[in-house]
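One structure is given here, and the rest of the page talks about it.
The values are calculated or read from the model by the stated rules, or taken from the named source; none is laboratory data. Only a predicted model underlies this, so the values are computations on that prediction, with no experimental measurement involved. Note: ideal-geometry Cβ built from the backbone for every residue, glycine included; neighbour counts use all protein chains shown.
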């Protein structure tokens, strides 16, 4: 590797840290946190390692410099003042090791997400957000807290070729080629879950669009998320929140 290439790689790795730290602050701002639990991870450019939040810190305390770099076996790479949550390692390492096309993973425990994850029928196509996921959501049966390494193989098998996984009785997971893509998939999934729980609370029968309408909605959503509007998946939405976080507290950059 030339000196110029080495510098370029170091710059990319620094940018990755800053972007993931921003994502943690955005998730905190949106109220998707559960004290210190849940994780967002990002593959480190040029390596098979990934970045994860320092175990014990709130999301609003995460910064670019305190993110922990670990390898696929859970070993901490480089200096760190913090350990890593084992359950977070199990779930995220499964995706990072099993899907080379997915570089960023969001996993959250929201009330709406966990409520839908507890329902036998899972996500229902009752909103513009939910119909966009028609045929694009995978499910993984609950095995208790994800502390067993052998669950990783089953997690990846459950995910298959999809990017959205509802962990039954547990929570939500989305994965993307970029932070922005994983974010927008989660944003829309979380909204779909919120709408479903609210609609079910209304007490009347739900309107389910036809399969043909759901399929067309999902196709159009794919086109939209794939950048047919001129911007790659989640780029504009994520950037809009980064601007907000920069105004509120830019300390995540350090």
- prompt: Of 67, 57, 30, which residue is touching a helix residue (DSSP H, G or I) at 6+ places or on another chain (Cβ under 6 Å) and at negative phi?
  reply: 67
- prompt: When residues of region 135-164 are filtered for being surrounded by 14 or more Cβ atoms within 10 Å (Cβ to Cβ) and in contact (Cβ under 8 Å) with a residue 12 or more places away in the chain, how many remain?
  reply: 17
message: As an exercise: evaluate residue 122 against (1) surrounded by fewer than 17 Cβ atoms within 10 Å (Cβ to Cβ); (2) touching a strand residue (DSSP E or B) at 6+ places or on another chain (Cβ under 7 Å); (3) closer than 29 Å to residue 22 by Cα and give the number of the one condition it does not meet.
response: (3)
query: Is it the case that some residue within region 175-195 is loosely packed, with under 14 Cβ neighbours inside 10 Å, touching a helix residue (DSSP H, G or I) at 6+ places or on another chain (Cβ under 7 Å), within 19 Å of residue 118 (Cα to Cα) and touching a residue at least 40 places away in the same chain (Cβ under 8 Å)?
result: no
- prompt: Can you tell me which of 102, 124, 20 is under 16 Å from the mean Cα position of the chain (by Cα), touching a residue at least 60 places away in the same chain (Cβ under 8 Å) and in a loop (DSSP other than H, G, I, E, B)?
  reply: 102
field: In region 60-85, the residues that are surrounded by 15 or more Cβ atoms within 10 Å (Cβ to Cβ) and in contact (Cβ under 8 Å) with a residue 40 or more places away in the chain
entry: 60, 62, 63, 64, 67, 85
field: Checking residue 115 against (1) closer than 25 Å to residue 30 by Cβ; (2) touching a residue at least 40 places away in the same chain (Cβ under 8 Å); (3) surrounded by 15 or more Cβ atoms within 10 Å (Cβ to Cβ), the condition it does not meet
entry: (3)
statement: Among residues of region 83-99 being at pLDDT below 95 and not in a helix (DSSP H, G or I), the residue farthest from residue 170 (Cα to Cα) is 83
query: Within region 34-47, how many residues turn out to be without any contact (Cβ under 8 Å) to a residue 60 or more places away in the chain and in contact with a helix residue (DSSP H, G or I) (Cβ under 7 Å, 6 or more places away or on another chain)?
result: 3
